[in-house]
1. Tell me which residues, restricted to the range 117-127, are buried (at least 20 other Cβ atoms within 10 Å of the Cβ) and more than 8 Å from the ligand (Cβ to nearest atom).
2. Search the range 308-322 for residues that are under 13 Å from Ile221 (Cα atoms) and pair each with any residue that is assigned to a loop (DSSP other than H, G, I, E, B) when their beta-carbon atoms are under 6 Å apart and the residues are at least 6 apart or on different chains.
3. Looking only at the range 144-186, which residues are closer than 26 Å to Val101 by Cα, touching a helix residue (DSSP H, G or I) at 6+ places or on another chain (Cβ under 6 Å) and assigned to a loop (DSSP other than H, G, I, E, B)?
4. Take the range 75-115 and flag every residue that is over 21 Å from Lys178 (Cα atoms) and either out of contact with any strand residue (DSSP E or B) (no Cβ under 6 Å at 6 or more places or on another chain) or hydrophobic (A, V, I, L, M, F, W, C) (or both).
5. Select from the range 147-172 the residues that are more than 6 Å from the ligand (Cβ to nearest atom) and open to solvent by 10 Å² or more (accessible area, probe 1.4 Å) and list them in ascending order.
6. I need a count of the residues in the range 187-200 that are within 9 Å of the ligand (Cβ to nearest atom) and either open to solvent by 10 Å² or more (accessible area, probe 1.4 Å) or assigned to a strand (DSSP E or B) (or both).
7. Restricting attention to the range 332-370, and to residues there that are open to solvent by 60 Å² or more (accessible area, probe 1.4 Å) and more than 16 Å from the ligand (Cβ to nearest atom), which single residue is nearest to the chain's Cα centre (by Cα)?
Amino acid sequence: MNTFSSIRCRSSLRAAAQPVRYASTSTPSPKSNSRRWLSIAFVGATAAGAGAYIRSQNTSSATLNPDTFTKYSLVSREPVSATSSLFTLRPRQPSDSNYDVYEEAWQTGVWSVMFKQPQLQIGRDYTPLPTTAATTLSVDDENEGCLRFFIRKDPFGEVSRYLHTIAVGAEVEMRGPKIECTIPKDTKDILFIAGGTGIAPALQAGYSLLSRTSADHRPKIHILWANRLKDDCAGGHSDSLKPQPRRGWFSGWFGSSPSRDTVWDAPAVEQEPSSVIVRELEALKSQYPGQVTVDYYVDEENTFITKEAIRKAIEPASEEANKLILVSGPEGFISYMAGPKLWAQGQELQGPLNGVIKQLDLKGWGVWKL
Ligand SMILES: Cc1cc2nc3c(=O)[nH]c(=O)nc-3n(C[C@H](O)[C@H](O)[C@H](O)COP(=O)(O)OP(=O)(O)OC[C@H]3O[C@@H](n4cnc5c(N)ncnc54)[C@H](O)[C@@H]3O)c2cc1C
């Protein structure tokens, strides 16, 4: 595990952000590109990957902030699947300022907070979920500054395991927000490629992008979400995957012409209850009709995000250049899709574009690895 003696946020809302460009899938004109992507927040951290040691701090603030840890209580932990849960946390002390801190982050793009594991004095980053029509948070909870997280339990992981064992009511300290990626205001299309809990930033990106919808600006997001198990995305049905043709029992026996008795699998009747994350995605779709598409891929069903799937997903995008591909998930997933991120001089950098997205040679898309 990588460890570091001190930690600084990738970019906090309070800290000055140093701009860099997204990796791009095309070779754009330097002039237009520099203007377009200069608003992207700098991502450089001394704490990421496996996480970081925390320097002890004696100060504590009632309001979430990037410099000191704020105390929250675990309100509930609801299992989403065998390996993941939905956590709801409420600030221990009421603070009217939390609303403004969260709101500024939501409007900026994708953000995270760092949780502290007090016994080991280490921290890990987690991604707050936005509130949608499917959210079960009460108005009181929302007013009290509750935050929700979708966290996978790594059976050998220090912090995720700790979070899955503490009792409801226990104290959890966190600090942030840390801006992981600013979504430029003029963004029209996002393709979000998510693996596992990488769906949390996809919900954030969708929430931030779509809340900018107006009569003459209807941005769109297409999410490709890969999971190991069906259980991880129970109840999710893809919007754009064509049903697989199957031979009718009759043709199987008598070899009749497929054109006559090939049948299409009817969309699966929803028997299993939808996971809370699938419900959140559905709520986003209902709230912004025609602007959200989600396709599910499941390892155990042998469905994978292929080059063809990515090509298809970007087909309907506008010709204009304000298009962004975001990739989020486990390290190996990001490396496979877009090449690994790099560590240099104590900072986490994007690294060159590689992997499947590079091979696709898509024109006009900015790429950001989360
Ligand atoms: C910006 C950001 C946002 C994130 N958001 C979320 C989120 O919303 N939800 C979520 O679930 N996760 C999220 N993560 C991932 C999260 O931060 C943690 O990395 C994850 O929970 C694992 O942490 P851990 O302490 O449980 O595991 P760790 O203790 O860090 O271990 C991780 C794995 O590495 C192995 N390992 C550890 N040390 C060694 C070693 N020396 N040699 C070999 N193997 C080793 C462990 O066995 C384990 O399998 C996010 C990460 C980032 C960077």
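The values are calculated or read from the model by the stated rules, or taken from the named source; none is laboratory data. Everything numeric in this text was worked out from a predicted model, so none of it was measured. Note that each Cβ is placed from the backbone with ideal geometry, even for glycine, and that neighbours are counted across all protein chains shown. All accessible areas refer to the heavy atoms of the entire protein, side chains included, with ligands and DNA or RNA removed. Shrake-Rupley method; radii C 1.70, N 1.55, O 1.52, S 1.80 Å.
1. Gly123
2. Once the first residue is under 13 Å from Ile221 (Cα atoms) and sits in the range 308-322, its partners that are assigned to a loop (DSSP other than H, G, I, E, B) give Ser318/Lys188; Asn322/Asp186; Asn322/Thr187; Asn322/Lys188.
3. Answer for the range 144-186, where residues must be closer than 26 Å to Val101 by Cα, touching a helix residue (DSSP H, G or I) at 6+ places or on another chain (Cβ under 6 Å) and assigned to a loop (DSSP other than H, G, I, E, B): Gly145, Ile183.
4. Residues satisfying the conditions are Val75, Val80, Ser81, Ala82, Gln93, Pro94.
5. Within the range 147-172, Lys153, Pro155, Tyr162, His164, Thr165, Ile166, Ala167, Val168, Gly169, Ala170, Glu171 qualify.
6. Within the range 187-200, residues that are within 9 Å of the ligand (Cβ to nearest atom) and either open to solvent by 10 Å² or more (accessible area, probe 1.4 Å) or assigned to a strand (DSSP E or B) (or both) number 2.
7. Here the residue is Tyr336.
Conditions (1) within 16 Å of the ligand (Cβ to nearest atom); (2) under 21 Å from Leu203 (Cα atoms); (3) modelled with pLDDT of 55 or more, marked per residue:
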| site | (1), (2), (3) |
| --- | --- |
| Tyr53 | yes, no, yes |
| Thr59 | no, no, yes |
| Ala62 | no, no, yes |
| Glu103 | no, yes, yes |
